[in-house]
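J.: Pasting in a structure now, in structure tokens, and then I'll have a few things to ask.
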Amino acid sequence: MIERKERKPYWRHTKWQMIASVVPFLILIVVLPLYADSLNAEKFLGFPLGYFLSAHGIAVIAIFTIASFVNRQDAIDHWHGAHEDI
Amino acid sequence: MSFTSQTRLVNPRLGAYFGIFASALVGLVILLLIFEELGTSSLWLRWAMLVGPLVLYAAIGVAVFTREPFEFFAAGRRVPAGYTGLGIANATMGATGIVAMTGVFFIIGFDALCLVIGGFAGFVVMGVMLAPFFRKFGSFTVPSYLGRRFDSMAVRILSAALMALPLLLLIAAELRMGAFAAGWLVGQPASLMIFMLVFMIIVTIVLGGMRSLTWSSCAQAIAAILALIVPVAIVAVLVTSFPLPQLTHGPLLRALAFTEGVEGLPVVEASTFAFLIPDDGFAPLAKQFTAPFGSIGPGAFVVATLTVMAGVASAPWLLPRTTMTPGVYETRKSLGWATVFFGLVMLTAASISVFMRDFLMDVVRAGDGADLPDWMRQLVDLGFIQIDTHSTRLALTSVSFSRDAVLLSLPVAAGLPSVFVYLAAAGVVAAALLAAGAAVGALGCILAEDVVNGLSWEPLPNEPRLWLGRIAIGAVAILGGLLALVAPTDPLRLLLWCLALTGSTLFPVLVLSIWWKRMNTFGAIAGLVSGFGVAVITILGGEGRFFGLDGALAGVLGIPAGALGAIAASLVTPGPSRKMLELVHEMRIPGGEVLYDREMRQLRLKKRG
């Protein structure tokens, strides 16, 4: 169980982790499709690159973002003693 | 091997059960393929393909009935992350997402990605910012969470009332899409099929509540994914010699781009906020597949992405599902799985549309309007496409596809046995039941817990509580069915309105309720009302052509309005009480007792004392 004095550092750590996970991802999903047309001149696995990155690329990045968040946040939980009792 | 208390909670035989279900489904398809070869009447095959899986879903739903409220409203909180993710991914957009998105990809190509990217972003935001805290809180419904978080029955009842509209829109959209597929499959009127789907939802969910919903929807999700993937995987083998259509349609796109250019398909540039998404009628190809922003302008693309993101992240039919996992860690993982399954479905839908365009291009390249291939005549007979026969030369613009029939057209175009078309239609019915069931379950629980019993924090005794839940679920299903009958609107549009309303109403309030402890009851009420009000006005204004903004993009005004309302009202009124602040601090820590469970335990102790 988390100690009372650990609550603030835990939440600060959690907030930074949230920002590190969500903000780059949101910037990417907004910016990447806007450059798809110019990227389409290049090819990857036979796909026009702009289309490939906007469809498959964002799917992979979303999965990677959640997977890394799950691992990092779990480490933060254990570091501050905020993890679930099992 | 050691077992923790969490792993013991999960049924270790789940994989075997769903393996048996998948095998039964595959067995049914193989059996029907044999019967088709033997010349059995197609009507029998069609009914068998519809009724066979329905019996299995109903059997699963009835077999897991329960008399425990904890099981009825939260599936016992022992649904593993993978199964939770499977259900969430398919309930997000349901049959509308599968059928309409395939057609939208086919007609406008790249621009359809705004909805897909919005879905991915919704899962990321839900997984990082909302779901783990909602799981720690442990409430069965979103209004129940908001009411307890702000210690206000007004917030609870108000949010329940505001959530009814988007949930009913989703139920109507899914029932209409499911009825379209079931009606086509067995040649019955769509209105009759809506009644059949409502009956199926009631039979499947009423006895076991969220427990029945969870396990039957896992089966429905497996059926929907198999039905979507198997025909296109076979087509991929035929066309590209590799059974991974999601990754192998790239070279086809290059050939398509060349032919589209030769055949004069335009590279158009839409205005910044144009949102020309195809409706459920017939439409020719609008633009070249990979060229962006021809039907949806760049501004509208970004706004649609963010609106869908907010709608998915705060969806009241998805969030309660994340509380059914064994813990906060599993909840985080479940959103990862949801992203995987959602990506699989959406990339498959995109590949279906590319293969279908490729088949169409082959015919157009041949160019003879009088000598159409058999599959095209078949599609005309089925009512899936219309061909302008006035010119002797077949051009791309002279073939119009029914948006919602593109998915069913692929097995016909590839010359696959008819059973694969029936399988695809049965998959659509499964997805419709899944998403409509999720919305019915969520709204039924809201009605029972937060409206009828909304003026008391203390739940009813077990037996009346369960019966109230059952009656509410039945009533919501019937109401949704009636709405589907009287609202002849495009299901995709209903889904987009639903997401815009949900995002505008709930997203700012839910996010701030966790990440800004200064928020108080007044802020919650102002955020809910301003977000909902602005979104409704924007949708009505957009549909009535009063604004230049499409109703589906209502989130661009609704979400900031909700956030501003919540922040401004919180700042000008007294801060939250010490009790409320302590609740927020506890909700932010994954460890310790689930807050809702603690409240119930304390209530029990108080009664005994």
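Derivation of every value follows stated rules applied to the coordinates shown; laboratory data play no part. Computed from a predicted model, the values in this text were never measured in an experiment. So basically every Cβ, Gly included, is an ideal-geometry build from the backbone, and we count neighbours across all protein chains shown.
J.: Residue by residue through B:251-257, how many Cβ atoms from other chains fall within 10 Å of the Cβ on average?
T.: Per residue, the average neighbour count from other chains is 3.
J.: Determine, for B:V104, B:V64, the number of other Cβ atoms within 10 Å of each Cβ, and report the residues in order from fewest to most.
T.: The fewest-first ordering by Cβ neighbours comes to B:V64, B:V104.
J.: I've got another one for you. Taking the Cβ-Cβ separation of B:E269 and B:E463 as r and a Förster radius of 56 Å, what is the calculated FRET efficiency to the nearest 0.05? Don't skip to the answer; put the middle values down first.
T.: Values: r = 63 Å, r/R0 = 1.13.
Approximately 0.35, to the nearest 0.05.
J.: Would you please put B:77-86, A:72-81, B:431-440 in order of how densely packed they are, using the mean number of other Cβ atoms within 10 angstrom per residue and starting with the highest?
T.: Details: B:77-86: 24.2, A:72-81: 16.7, B:431-440: 31.9.
Packing order, densest peptide first, comes out as B:431-440, B:77-86, A:72-81.
J.: Could I ask something else about it? When you look at the Cβ of every residue in B:152-161, what mean number of other chain Cβ atoms sits within 10 Å?
T.: Numbers: counts 0, 0, 0, 0, 0, 0, 0, 0, 0, 0.
The shielding value for this peptide is 0.
J.: Sticking with this structure for a sec: Consider just the alpha-carbon atoms of the protein assembly as shown and return their Rg together with their Dmax, both in angstrom.
T.: Final numbers for Rg and Dmax: 24.7, 88 Å.
J.: Related question: For B:K517, which lysines qualify as cross-link partners when the Cα separation must be under 19 Å and same-chain residues fewer than eight apart are set aside?
T.: Excluding near neighbours in sequence, the set is A:K5, A:K8, A:K15, B:K136, B:K579.
J.: In µm²/s, what is D for the range B:385-528 at 4 °C and 1.567 mPa s, where D = kT/(6 pi eta Rh) by Stokes-Einstein and Rh is the Kirkwood radius from Cα pairs? Present the calculation step by step, with values, prior to reporting the outcome.
T.: Numbers: Rh = 19.9 Å.
Here the translational diffusion coefficient equals 65 µm²/s.
J.: So what is the 222 nm mean residue ellipticity for chain B from helices alone, if each DSSP H run of at least 4 adds -39500 (n - 2.57) and you divide by all residues, rounding to the nearest 500 deg cm²/dmol? Let's see the in-between values first.
T.: Values: 25 runs with 432 residues, N = 609.
Here the helix-only value at 222 nm equals -24000 deg cm²/dmol.
J.: While we're on this one: Within 10 Å of each Cβ of A:47-60, how many other protein chain Cβ atoms are there on average?
T.: Working: counts 9, 8, 1, 4, 11, 4, 0, 8, 13, 6, 0, 7, 12, 3.
Average neighbour count from other chains, rounded to a whole number: 6.
J.: Which shape class applies to the range B:4-150: rounded if a/c is under 1.5, otherwise prolate when a/b exceeds b/c and oblate if not, where a ≥ b ≥ c are the square roots of the Cα gyration tensor eigenvalues?
T.: Values: a/c = 2.48, a/b = 1.34, b/c = 1.85.
Since a/c reaches 1.5 but b/c is at least a/b, the shape of the range B:4-150 is classed as oblate.
J.: Can you compute 3J(HN,Hα) from phi for each residue in the range B:220-232, using the Karplus curve 6.51 cos²θ - 1.76 cosθ + 1.60 with θ = phi - 60°, rounded to whole Hz and x for Gly and Pro?
T.: 5, 5, 4, 5, 5, 5, 4, 5, 7, 7, 4, x, 6
J.: Points 7 angstrom from Cα along the Cβ direction at B:Q602 and A:E3: gap in nanometres?
T.: With each label point 7 Å from Cα toward Cβ, the separation is 2.6 nm.
J.: Same structure again: Please give the peptides A:52-61, B:278-287 ranked by average Cβ packing (other Cβ atoms within 10 Å per residue), highest first, as a rough proxy for protection.
T.: Numbers: A:52-61: 21.4, B:278-287: 18.6.
In descending order of packing, they fall as A:52-61, B:278-287.
J.: With the radius of gyration and the Kirkwood radius both derived from the Cα set of chain B, what is their ratio Rg to Rh? Mind showing how you got there, number by number?
T.: Values: Rg = 24.2 Å, Rh = 24.6 Å.
Here the Rg-to-Rh quotient is 0.98.
J.: Continuing with the same structure: Just report the Cα centroid separation between the range B:206-273 and the range B:91-162, whole Å.
T.: So the separation of the two Cα centres works out to 22 Å.
J.: Let me ask you something else. Which values of log₁₀ I(q)/I(0), to two decimal places, follow from the Debye formula for chain A at q = 0.11, 0.15, 0.18 Å⁻¹ with a uniform point scatterer at every Cα?
T.: The Debye formula, applied to the Cα set alone, gives -0.45, -0.65, -0.78.
J.: Another question about this same structure. Which whole-number percent gives the relative contact order of the range B:16-608, counting Cα pairs below 8 Å spaced six or more residues apart?
T.: Working: 1126 pairs, mean separation 159.4, N = 593.
Computed over the range B:16-608, the figure is 27 percent.
J.: Also, quick follow-up: Roughly speaking, what is the centre-to-centre gap between the range B:392-435 and the range B:449-502 when only Cα atoms are used, to the nearest Å?
T.: If you average the Cα positions of each part, the centres end up 32 Å apart.
J.: Still on this structure, please answer the following. Calculate how large, on average over all directions, the projected area of the Cα convex hull of the range B:36-79 is; give the answer in nm² to one decimal.
T.: Working: hull surface 18.0 nm².
Over all viewing directions, the range B:36-79 projects a mean Cα-hull area of 4.5 nm².
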